[in-house]
Amino acid sequence: MKFTCSQQALSKALNTVSKAVTTRTTIPILKGILLTAKDGQLKLTGYDLEIGIETYTQAEVIQEGDHIKIFVVDLRAIVASSRSKFLTPASMV
């Protein structure tokens, strides 16, 4: 999966979705956000076994592919510390 999206838009979407993600769980998969790039949009999904939040942000999807699950704490730190106006998965590593 390859995409490019605005840092500001991704940060806003992360703030919305992270409300449904808990960091206090013994199930590691629930500490993350699911990213899916398809049809010119980046879909972010957060879930904690009780509630789920799904939001979309505009993105330039270069290559659709498998889903990516990233820990919310790590992703928020990467996006917040980025000096670039636009982000790609490669720039988030």
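Quick rundown of the values:
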| item | result |
| --- | --- |
| Test: residue in region 68-91 that is among the aromatic types (Phe, Trp, Tyr) and closer than 13 Å to Phe3 by Cβ | yes |
| Qualifying residue in region 6-25 (condition: modelled with pLDDT under 90 and of a type in the set (D, E, K, R)) | yes |
| Odd one out for Asp74 among (1) in contact (Cβ under 8 Å) with a residue 12 or more places away in the chain; (2) open to solvent by less than 90 Å² (accessible area, probe 1.4 Å); (3) within 11 Å of the chain's Cα centre (by Cα) | (1) |
| Leading residue by the ranking (nearest to Lys85 (Cα to Cα)) among those in region 1-25 that are open to solvent by 60 Å² or more (accessible area, probe 1.4 Å) and polar (S, T, N, Q) | Gln8 |
| Qualifying positions in region 45-68 - surrounded by fewer than 14 Cβ atoms within 10 Å (Cβ to Cβ) and in contact (Cβ under 8 Å) with a residue 12 or more places away in the chain | Leu49, Ile51, Gly52, Gln58, Ile62, Gln63, Glu64, Asp66, His67 |
| Counted residues, region 26-44 - those being hydrophobic (A, V, I, L, M, F, W, C), out of contact with any Leu (no Cβ under 9 Å at 6 or more places or on another chain) and exposed (fewer than 15 other Cβ atoms within 10 Å of the Cβ) | 1 |
| Strands (runs of 3 or more DSSP E) within the chain that include 3 or more residues in contact with a Ser or Thr (Cβ under 7 Å, 6 or more places away or on another chain) | 2-6, 41-47, 52-58 |
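Let's see how each residue does on (1) under 13 Å from Cys5 (Cβ atoms); (2) of a type in the set (A, V, I, L, M, F, W, C); (3) out of contact with any strand residue (DSSP E or B) (no Cβ under 6 Å at 6 or more places or on another chain):
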residue	(1), (2), (3)
Asn15	no, no, yes
Thr23	no, no, yes
Ile29	no, yes, yes
Leu34	no, yes, no
Gly52	no, no, yes
Tyr56	yes, no, no
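The values are calculated or read from the model by the stated rules, or taken from the named source; none is laboratory data. Remember, predicted model here, so these are calculated numbers, not experimental data. Here Cβ is always computed from backbone atoms with ideal geometry, including for glycine, and neighbour counts include all displayed protein chains. Areas reflect the complete protein model, heavy atoms only, side chains present, ligands, DNA and RNA absent. Shrake-Rupley method; radii C 1.70, N 1.55, O 1.52, S 1.80 Å.
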